[in-house]
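Take a look at the structure set out below.
The values are calculated or read from the model by the stated rules, or taken from the named source; none is laboratory data. Just so it is clear, the structure is predicted and the values come from calculations on it, not from any experiment. With ideal geometry, Cβ positions are generated from the backbone for all residues, glycine too; neighbour counts draw on all protein chains shown. These area figures cover heavy atoms from the full protein model, side chains too; ligands, DNA and RNA do not enter into them. Shrake-Rupley method; radii C 1.70, N 1.55, O 1.52, S 1.80 Å.
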Amino acid sequence: MKTPIQFRLNGEGVATFVEGGANLLDTLRESVGDTSVKGGCWQGTCGTCTVLIDGMPRLSCVTLAEGCAGRSIESVAGLRRGAELHPLQSAFMERFAAQCGYCTPGMLMAAKALLDKNPNPTRENVVDAICGNICRCTGYEPIINAVLDAARSDGLRRA
Amino acid sequence: MLEFRKDIFADERDDNLKEVGQPTQRQDMLGHVTGTSPYYDDHRFANLLHLKILRSPHAHARIRSIDDSAAARAPGVKRIIRAADVPVNLNTLLSLIQFGKDDEPSLATDIVRYKGEPILGIVATSERAALEAVALVRVSYDQLPAVFDVEEALKPGAPSVNPTYPKNTFEYYNKYDHQKLRYGDADAAIAQPDIVIDERYQMSPIEHAPTETNGSITVPDTNGRYIVYTSTQALFFSLDTSAKINAIQSNQLHFIGGTVGGGFGGKVDTLTEPLCILAARLIGAPVRYRFSRHEEMQFGSPRGGERIYVKDGVMKNGRIIARKVRAYFDSGAYTRLSSYAVVKCAAHIPGPYTIPNVHGDIFCVFTNRTPATAMRGFGVTALDFALECQMDRGATAVGMDPIEYRILNAYRDGDMKAHRREAKNCALIECAQVAAEKANWPLRDEFRKMSSRQGGGAAAHAGAAADRSRAPASAAPVRAPATTPTSTPQRVAYERPAPSAPPPRPAPPAPPPRNAPPPPAAPAGSTHGAPRFSSVFGTRRR
């Protein structure tokens, strides 16, 4: 038995059908086709699948898709404005803040949630914001530095 | 931050490097930050089927019967894959280079040898349907005695784990049950020294835990070939292994990969591709075989556990005159890459130190654990952990600074290694000197002036002989002082020896103040032994 749901994904309206119990991660990847969201553990422990739901960072693998009806969801696929990268993306590139790249979408969304609320974070704020996201290449220092760089950039003030 | 010490071995390079040391952008970085890098699971296919595996709940058991009739009738199930469906159901990874015998089935036939071993595959229209069908399979087991410890596995009467190697050890050249290293006469030498340090080290298995789990998708192509999207770290290795297990030509497979969500050695084992390809061939539709996190931890190979015994004979002046190493690699139930880890371990003994008498025995042992594989320096990393702990203990035992103890025993150019190769281009002494400098760790002047280029070769051997001639008349081995009993934890305090401790030594120079600015990259008054800018003087080394 499938249920129709509608939500906004990166500003665009989306309508799809989901199985009862379907999670948001599978719905975004398999039904909607947004593969920028990655699955790492499917049990809410690694942070790889982090998306923003109404501006809050959420683990899409343990979020029921049906519960997202009417919500506004942001993924890394909607981060840049056309050809222009978001300051976080530029800073991640500049600071070598990705190695295998698999945790990067979740890291970026966790960092965006922070900067949207607090454009002048301390180092401790940044560590706190990404503490639920595992990077097995263990590139945490460049990631923290990149988020701090993005916060200081002109681009963020314009964004 | 990256820093080049051009004052050290300045003659080693031309210093006209255009790329090394310069920041350069990775070609895959834009994809990573925009979420568009093509990991294997980002490829979408209509009517994709899903393969899930029934795994052994026991570490060692005989399979009496398998009843999959209920699973076959479950909703969404397309096909059950049994051991008999696998064309070549025995393989070992390194058989591609004629190293070792085929010993691991893709699906267990009569006996399971570790918890998590695959028994049967179910292909269904969704992952959930496949999992629900797997839960309907009934297997009856007779549990068998299991062995989980490498030394227990070598005792007479231990359960035999792997029928290809019934004595629980890998066979090198089809006749040797371990790798040996012999140089000088370690047994005779170890009877002479002032101090004997005999210790045991244990390293646990380590799971790579990549954020992207192992997986692959196989899609039948229009020309009878199969396109395989995979997370593998070793594309052609996986291609050839998959062709062998499926008994097809490798040119029937088109592997697409290269974007790997973390591997660290855990994605070289070709864990998913052979059965994924088999399923696609049997059904004629795209099939995905993706590990859950639980499967990655339970079934994905870890770095193997290692137990290492190191026995050193050390003179009071700090020279190590004998080192004996006995190491056991826990291969788990099958070989995978542990046989090769043992070869690497043998090649690394006795570490980067000139020791005139070296003795090594290294075993690749089968136990009822998850088979082990490659991980970042496997075979060497755990040995280094053991050897460097041992070096700290040796330094403490003779009352020497641990860095000076390493410098004293380090390879110098011209020294003969235990493998009967001359040491060339050594740099441990210089690395130790720079590390001490960075840490404001005072070294005595004579050690700050030592060089990898001085004192090597025949001089070192003469020195060792002199050490022995100075050995006490009583040849009875002297145990390490009570400061390093074998029962203490492996943590060793880097304490400076008390002024009265033997041997007497001048007081170290006062360390620079803590808030001193970092030294310049190439200090004008470098005290390192290596000649500076020796390319100018035509003394370039190879």
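Please determine whether any residue of region B:159-180 is out of contact with any helix residue (DSSP H, G or I) (no Cβ under 9 Å at 6 or more places or on another chain), of a type in the set (S, T, N, Q) and under 30 Å from B:R73 (Cα atoms). So far as region B:159-180 goes, no, none of its residues is out of contact with any helix residue (DSSP H, G or I) (no Cβ under 9 Å at 6 or more places or on another chain), of a type in the set (S, T, N, Q) and under 30 Å from B:R73 (Cα atoms).
When region A:34-79 is examined, which residues are found to be away from chain B (no Cβ under 13 Å), part of a loop (DSSP other than H, G, I, E, B) and on the phi < 0 side of the Ramachandran plot? If the condition is that a residue be away from chain B (no Cβ under 13 Å), part of a loop (DSSP other than H, G, I, E, B) and on the phi < 0 side of the Ramachandran plot, then A:T63, A:A69, A:R71 are the ones that fit. Within region B:103-126, the residues that satisfy the criterion of being open to solvent by less than 40 Å² (accessible area, probe 1.4 Å) and acidic (D, E) are B:D103, B:E104, B:E117.
Filtered by the rule that a residue be open to solvent by less than 40 Å² (accessible area, probe 1.4 Å) and without any contact (Cβ under 8 Å) to a residue 60 or more places away in the chain, region B:52-102 gives B:G76, B:V77, B:I80, B:A83. Does B:N246 satisfy the condition of being touching a Lys or Arg at 6+ places or on another chain (Cβ under 8 Å), over 24 Å from B:E295 (Cβ atoms), touching a residue at least 12 places away in the same chain (Cβ under 8 Å) and away from chain A (no Cβ under 14 Å)? It is false that B:N246 is touching a Lys or Arg at 6+ places or on another chain (Cβ under 8 Å), over 24 Å from B:E295 (Cβ atoms), touching a residue at least 12 places away in the same chain (Cβ under 8 Å) and away from chain A (no Cβ under 14 Å). Just one of (1) modelled with pLDDT of 95 or more; (2) buried (at least 21 other Cβ atoms within 10 Å of the Cβ); (3) over 25 Å from B:H60 (Cβ atoms) fails for B:F170. It is (3).
When region B:250-263 is limited to residues that are within 14 Å of chain A (Cβ to nearest Cβ) and over 12 Å from A:Q99 (Cα atoms), the one that is surrounded by the fewest Cβ atoms within 10 Å (Cβ to Cβ) turns out to be B:G258.
When restricted to residues that are open to solvent by less than 10 Å² (accessible area, probe 1.4 Å) and either within 10 Å of A:A146 (Cβ to Cβ) or aliphatic (A, V, I, L, M) (or both), region A:93-103 contains 2. Filtered by the rule that a residue be open to solvent by 70 Å² or more (accessible area, probe 1.4 Å) and either touching a residue at least 40 places away in the same chain (Cβ under 8 Å) or closer than 21 Å to A:S60 by Cα (or both), region A:135-146 gives a lone residue, A:R136. Scanning region B:210-226 for residues that are free of Cβ contacts under 8 Å to residues at least 60 places away in the same chain, in a strand (DSSP E or B) and open to solvent by less than 30 Å² (accessible area, probe 1.4 Å) returns no hits. The combined condition, being more than 20 Å from the chain's Cα centre (by Cα), open to solvent by less than 30 Å² (accessible area, probe 1.4 Å) and among the aliphatic types (A, V, I, L, M), is not fulfilled by B:A327. Scanning region B:276-283 for residues that are under 25 Å from B:A372 (Cβ atoms) and open to solvent by 20 Å² or more (accessible area, probe 1.4 Å) turns up nothing. A single member of A:T138, A:T122 is more than 14 Å from chain B (Cβ to nearest Cβ) and more than 17 Å from the chain's Cα centre (by Cα), and it is A:T122. Considering only region A:17-30, I want to know if a residue exists there that is outside any helix (DSSP H, G or I), within 11 Å of chain B (Cβ to nearest Cβ), among the charged types (D, E, K, R) and open to solvent by 30 Å² or more (accessible area, probe 1.4 Å). Yes, some residue in region A:17-30 is outside any helix (DSSP H, G or I), within 11 Å of chain B (Cβ to nearest Cβ), among the charged types (D, E, K, R) and open to solvent by 30 Å² or more (accessible area, probe 1.4 Å). Hey, any hits in region A:44-60 for a residue that's open to solvent by 10 Å² or more (accessible area, probe 1.4 Å), polar (S, T, N, Q) and assigned by TED's automatic domain parsing to the domain that holds A:C135? No, region A:44-60 contains no residue that is open to solvent by 10 Å² or more (accessible area, probe 1.4 Å), polar (S, T, N, Q) and assigned by TED's automatic domain parsing to the domain that holds A:C135.
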